[in-house]
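Step one of this worksheet: look at the structure below.
The values are calculated or read from the model by the stated rules, or taken from the named source; none is laboratory data. Being a predicted model, the structure only gives us computed values, none of them experimental. Please note: Cβ atoms are built from the backbone with ideal geometry, for glycine as well, and neighbour counts cover all protein chains shown. With ligands, DNA and RNA removed, areas are computed over all heavy atoms of the protein, side chains included. Shrake-Rupley method; radii C 1.70, N 1.55, O 1.52, S 1.80 Å.
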Amino acid sequence: MSEPSILDRLLALDTNTVSDALDFLELKGASYDVKPLWDCPKIVGRASTVKVGTKQESAPPTVHLISPVVDAITTNDRILVIAGGTDGVSCWGDILANAAQMKQIRGTIIDGMCRDIDGSREIGYPVYGRGVTMVSARNRIVQIESGSPIQFRDGGVTVNEDDYVIADRCGTVFIPAQRILEVVELGERIDQRQALMVQDVRTGKPVSEVMHDTKFEAIHPQQKKTPSPDAPAGSCSRNRNSKKASAEDQELSALFADLDTPAVSDALDKLGIHGQPLNIMPLANYSKVTVGPAFTVTYLPAGNPPGSVGDFIDDVAVGDIIVIDNNGRVDCTVWGDIMTQYAGLRGIAGTVIDGVCRDVNRAINDGYPLFTAGRWMRTGKDRVQVGAVNQPVSIGKVRVCPRDIVVADANGVVIVPRERARDVAEIARKIEKSEESIRELIARGATIAQARKDLGYHTLQRKS
């Protein structure tokens, strides 16, 4: 059997691991907020670079944007990498996607926006970018050059022709062609180390011990560990959480078990309580509501030497929701797959982060509820450290105190002050009952205006 190619080896990794390798080698390559524009697969390949820009009014007509680059490609290892886009204006669409697919191009990564995304999805063509729009590039955007170095707008990431590219659910990473072997070999060692760390968690080792691993001290080749026959892979006997929810925690959480965040949000409005964290959104379209008391954590910029990033999790009780204040930072994560797996094993209800997470496949596949300001693959190791635990924090401009009640679902997150939980739950139920009555009247033929008037809809959320 032949040795796997460098692209095959890169494909076996993910952006989190590759980003960690780049960090260790002090290379830039992770581009924030360039994400899949549909649920497309991971892609790896070599960059074919294109620089675009705003068309000047006096400029003559030009050839169709990017089409000469697509026509010139003759190998099946290419990924188009486009920089210089303008917010709100497309520089990619479904006609180009069809043409690229016919040329066996592996995907397109845009430091800008795309339109006709349904057309790319329908043919299975991967597109990563900053967002979607309906506005055409015609007479707005022109191709300036191709095959030259381009720079992405965030972090100063420069991409050269023939650099290597990997993109998945966590984002996009570029690897200098002349360093690819070094990065992949280091990435493979990191990946092996991470697998051993996950295995340690599964066999019961405390996460504080597992995560005590700064600057990848343990990435060098090592002997394979064999789980004890008494603790097979997947065993969580030592991970059983002895920290149980108090009777009052269980009572207050139960008050919200069959409510959703819109009803609770309306009740908070009626009581004049600010409790809706801005821009903290679910990682997936969760069908269930997650409820529990807040276990609060504050992260700070790392000191010298850097401190712990995750030891607090051993102190979190069954049913708690971890609420992390990372000051809205999007340049490094504070949550990944090891934390996800350990939290799940210990019966922790979910995690809310004013910041970003990574290793999202683990959380999505495990069904572990995560609510964050975004996702990115760059580690928080040596960038942030735990500053305080179970102190008041700020999440999306909302104050959260330890043991406040957190309610989270597909709509977002709401925070209920513990001392007002009973009042909020009572009003939320009244609001839900009124809205259900309105729906019943509409189903029986009433107009929405009359149904709302009869049941006082316009006063439901009004402050008392």
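Could you check, for the range 402-417, whether at least one of its residues is touching a helix residue (DSSP H, G or I) at 6+ places or on another chain (Cβ under 7 Å), farther than 30 Å from Lys42 by Cβ, assigned by the TED database to the domain that holds Tyr286 and in a loop (DSSP other than H, G, I, E, B)?
yes
In the list Ile109, Ile105, which residue meets the criterion of being of a type in the set (Val, Ile, Thr), open to solvent by less than 40 Å² (accessible area, probe 1.4 Å), in a loop (DSSP other than H, G, I, E, B) and modelled with pLDDT of 95 or more? Please lay out each step first, then the result.
Working: Ile109 fails: in a loop (DSSP other than H, G, I, E, B).
Step by step, each of Ile109, Ile105 is checked, and only Ile105 is of a type in the set (Val, Ile, Thr), open to solvent by less than 40 Å² (accessible area, probe 1.4 Å), in a loop (DSSP other than H, G, I, E, B) and modelled with pLDDT of 95 or more.
Of all the residues that make up the range 412-425, how many are farther than 23 Å from Ile280 by Cα and touching a residue at least 12 places away in the same chain (Cβ under 8 Å)? Explain how you work it out, then say what you get.
So in the range 412-425, the residues farther than 23 Å from Ile280 by Cα come out as 419, 422-423.
Still in the running and touching a residue at least 12 places away in the same chain (Cβ under 8 Å): 422-423.
Within the range 412-425, residues that are farther than 23 Å from Ile280 by Cα and touching a residue at least 12 places away in the same chain (Cβ under 8 Å) number 2.
Might you check whether a residue that is in contact with a strand residue (DSSP E or B) (Cβ under 7 Å, 6 or more places away or on another chain), modelled with pLDDT under 95 and hydroxyl-bearing (Ser, Thr, Tyr) occurs anywhere in the range 383-400?
Within the range 383-400 (the criterion being in contact with a strand residue (DSSP E or B) (Cβ under 7 Å, 6 or more places away or on another chain), modelled with pLDDT under 95 and hydroxyl-bearing (Ser, Thr, Tyr)), the answer is no, since none of the residues qualifies.
Only one of (1) among the small types (Gly, Ala, Ser); (2) at pLDDT 90 or above; (3) over 28 Å from the mean Cα position of the chain (by Cα) is not met by Ala21, so which one is it?
Going through the list (1) among the small types (Gly, Ala, Ser); (2) at pLDDT 90 or above; (3) over 28 Å from the mean Cα position of the chain (by Cα), Ala21 breaks only (3).
Does the range 112-125 hold any residues that are in a loop (DSSP other than H, G, I, E, B) and open to solvent by 10 Å² or more (accessible area, probe 1.4 Å), and which are they? Before you say what the answer is, go through the steps one by one.
Start the filter on the range 112-125 by keeping residues that are in a loop (DSSP other than H, G, I, E, B), which leaves 112, 115-116, 124-125.
Once the filter is applied, which keeps residues that are in a loop (DSSP other than H, G, I, E, B) and open to solvent by 10 Å² or more (accessible area, probe 1.4 Å), the range 112-125 yields Arg115, Asp116, Gly124.
Counting only residues that are touching a Lys or Arg at 6+ places or on another chain (Cβ under 8 Å), surrounded by 18 or more Cβ atoms within 10 Å (Cβ to Cβ) and in a loop (DSSP other than H, G, I, E, B), how many does the range 131-147 have?
Let us first name the residues in the range 131-147 that are touching a Lys or Arg at 6+ places or on another chain (Cβ under 8 Å), namely 132-136, 139-146.
Narrowing the set further to residues that are surrounded by 18 or more Cβ atoms within 10 Å (Cβ to Cβ) leaves 133, 141-143, 146.
Of the ones still in play, those that are also in a loop (DSSP other than H, G, I, E, B) are 133.
So the count comes out to 1.
Confirm whether Ala388 is in a helix (DSSP H, G or I) and among the hydrophobic types (A, V, I, L, M, F, W, C). So that I can check it myself, show each step before the final result.
On the way: in a helix (DSSP H, G or I): no; among the hydrophobic types (A, V, I, L, M, F, W, C): yes.
In short, no.
Which ones in the range 115-135 are over 14 Å from Ile95 (Cα atoms) and β-branched (Val, Ile, Thr)?
Val132, Thr133, Val135
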